[in-house]
């Protein structure tokens, strides 16, 4: 059986009601170690699910206000619920980037959308810049009929100034990688107020995809999650 384009469009329409979008997909080769599909047999194909900009935020906030208790990782929980419901409706298995053992979501994303990492490690999208995310994936034991992604323009190659490597007060990002402890100490410290309230200064310095930049409250939410998770 091959999943039709109509079915994929129906899945996209259901996800759109929660501010989520399909982020491409691909079929697993016969020689690949594919993750398990809904029955436990190796999956034959996948569709990545994610967001562009902060479109899911009002849907997530509305859901969060309805919860009767505090949730340790609310955005992950909400994403699992939404994508899990879609999976049930289309006979797929839902998986999440936070599943253990970790699955190679970044490699899958690069394969599905032909993207490359920015100096910050976030994949650079030709339209969304750094303001996008992957929230999960749908695994199928059938083939999916879809067009192959074209090689994306890597905007970082066109950027000479690289402001994303010059805006952090503790130089957390460099060609040597991410200075995790320096970043964490600054975010938690007395001089990290602007990062806590408005997000990563290096990420905000990127000139691409600014129309999709997360609002300050969304960035503050993610920064608070980073500080807590690292505790």
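The values are calculated or read from the model by the stated rules, or taken from the named source; none is laboratory data. What you are looking at is a predicted structure, and each value in this text was computed from that prediction instead of being measured. Methodologically, a virtual Cβ is constructed for each residue, glycine included, from the backbone with ideal geometry; neighbour enumeration extends over all protein chains shown.
Do you know which of the residues in region 133-152 that are part of a loop (DSSP other than H, G, I, E, B) and touching a strand residue (DSSP E or B) at 6+ places or on another chain (Cβ under 9 Å) is modelled with the highest pLDDT? Show your work before the answer.
Step one: of region 133-152, the residues part of a loop (DSSP other than H, G, I, E, B) are 141-142, 145-152.
Within this subset, residues satisfying the condition of being touching a strand residue (DSSP E or B) at 6+ places or on another chain (Cβ under 9 Å) are 141-142, 145-146, 148-149, 152.
On the way: 141: 95, 142: 91, 145: 73, 146: 69, 148: 68, 149: 72, 152: 80.
The extreme case among them is 141.
For the condition touching a helix residue (DSSP H, G or I) at 6+ places or on another chain (Cβ under 9 Å) and more than 17 Å from residue 124 (Cβ to Cβ), what is the one hit in 205, 179, 224?
Numbers: 205 fails: more than 17 Å from residue 124 (Cβ to Cβ); 179 fails: touching a helix residue (DSSP H, G or I) at 6+ places or on another chain (Cβ under 9 Å).
From the options 205, 179, 224, the qualifying one is 224.
Within region 205-217, restricting attention to residues that are in contact with a strand residue (DSSP E or B) (Cβ under 7 Å, 6 or more places away or on another chain) and within 13 Å of residue 161 (Cβ to Cβ), which residue is surrounded by the most Cβ atoms within 10 Å (Cβ to Cβ)?
The qualifying residue surrounded by the most Cβ atoms within 10 Å (Cβ to Cβ) is 206.
May I ask you to verify whether residue 195 is at pLDDT 95 or above and in contact with a helix residue (DSSP H, G or I) (Cβ under 6 Å, 6 or more places away or on another chain)? Before you say what the answer is, go through the steps one by one.
On the way: at pLDDT 95 or above: yes; in contact with a helix residue (DSSP H, G or I) (Cβ under 6 Å, 6 or more places away or on another chain): yes.
Spelling it out, residue 195 is indeed at pLDDT 95 or above and in contact with a helix residue (DSSP H, G or I) (Cβ under 6 Å, 6 or more places away or on another chain).
Could you tell me whether residue 127 is modelled with pLDDT of 95 or more and in a helix (DSSP H, G or I)? Show your work before the answer.
Details: modelled with pLDDT of 95 or more: yes; in a helix (DSSP H, G or I): no.
No: the conditions fail for residue 127.
Here is a check on your reading of the model: is residue 48 outside any strand (DSSP E or B), touching a residue at least 40 places away in the same chain (Cβ under 8 Å), buried (at least 17 other Cβ atoms within 10 Å of the Cβ) and assigned by TED's automatic domain parsing to the domain that holds residue 145? Don't jump to the end; show me each part of the working.
On the way: outside any strand (DSSP E or B): no; touching a residue at least 40 places away in the same chain (Cβ under 8 Å): yes; buried (at least 17 other Cβ atoms within 10 Å of the Cβ): yes; assigned by TED's automatic domain parsing to the domain that holds residue 145: yes.
It is false that residue 48 is outside any strand (DSSP E or B), touching a residue at least 40 places away in the same chain (Cβ under 8 Å), buried (at least 17 other Cβ atoms within 10 Å of the Cβ) and assigned by TED's automatic domain parsing to the domain that holds residue 145.
Criterion first (under 23 Å from the mean Cα position of the chain (by Cα), surrounded by fewer than 16 Cβ atoms within 10 Å (Cβ to Cβ) and not assigned by TED's automatic domain parsing to the domain that holds residue 57) does residue 174 satisfy it?
On the way: under 23 Å from the mean Cα position of the chain (by Cα): yes; surrounded by fewer than 16 Cβ atoms within 10 Å (Cβ to Cβ): yes; not assigned by TED's automatic domain parsing to the domain that holds residue 57: yes.
Answer is yes for this residue.
Among (1) surrounded by 11 or more Cβ atoms within 10 Å (Cβ to Cβ); (2) part of a loop (DSSP other than H, G, I, E, B); (3) out of contact with any strand residue (DSSP E or B) (no Cβ under 7 Å at 6 or more places or on another chain), there is one condition residue 19 misses while meeting the rest; what is its number?
(3)
Return a yes/no flag: does region 60-71 have any residue that is farther than 16 Å from residue 20 by Cα, assigned to a helix (DSSP H, G or I) and touching a helix residue (DSSP H, G or I) at 6+ places or on another chain (Cβ under 7 Å). Before the answer, list the steps.
Here is the first cut: in region 60-71, the residues farther than 16 Å from residue 20 by Cα are 64-71.
Subsequent filtering for residues that are assigned to a helix (DSSP H, G or I) retains 64-65.
Among the residues that remain, those that are also touching a helix residue (DSSP H, G or I) at 6+ places or on another chain (Cβ under 7 Å) are: 64.
Within region 60-71 (the criterion being farther than 16 Å from residue 20 by Cα, assigned to a helix (DSSP H, G or I) and touching a helix residue (DSSP H, G or I) at 6+ places or on another chain (Cβ under 7 Å)), the answer is yes, since at least one residue qualifies.
Would you mind telling me which numbered condition in (1) surrounded by 15 or more Cβ atoms within 10 Å (Cβ to Cβ); (2) touching a strand residue (DSSP E or B) at 6+ places or on another chain (Cβ under 9 Å) residue 77 fails?
(2)
Take the residues in region 80-97 that are touching a helix residue (DSSP H, G or I) at 6+ places or on another chain (Cβ under 9 Å) and surrounded by fewer than 16 Cβ atoms within 10 Å (Cβ to Cβ); name whichever of them is nearest to residue 225 (Cα to Cα). Explain how you work it out, then say what you get.
Taking region 80-97 and keeping what is touching a helix residue (DSSP H, G or I) at 6+ places or on another chain (Cβ under 9 Å), we get 81-83, 85-86, 89-90, 92-97.
Next cut, surrounded by fewer than 16 Cβ atoms within 10 Å (Cβ to Cβ) only: 81, 85, 89.
On the way: 81: 19, 85: 25, 89: 31 Å.
By that ranking, first place goes to 81.
Evaluate the following for residue 202: is it surrounded by 16 or more Cβ atoms within 10 Å (Cβ to Cβ) and in the same structural domain as residue 38 (by TED's automatic domain parsing)? Before the answer, list the steps.
Details: surrounded by 16 or more Cβ atoms within 10 Å (Cβ to Cβ): yes; in the same structural domain as residue 38 (by TED's automatic domain parsing): no.
Criteria not met by residue 202.
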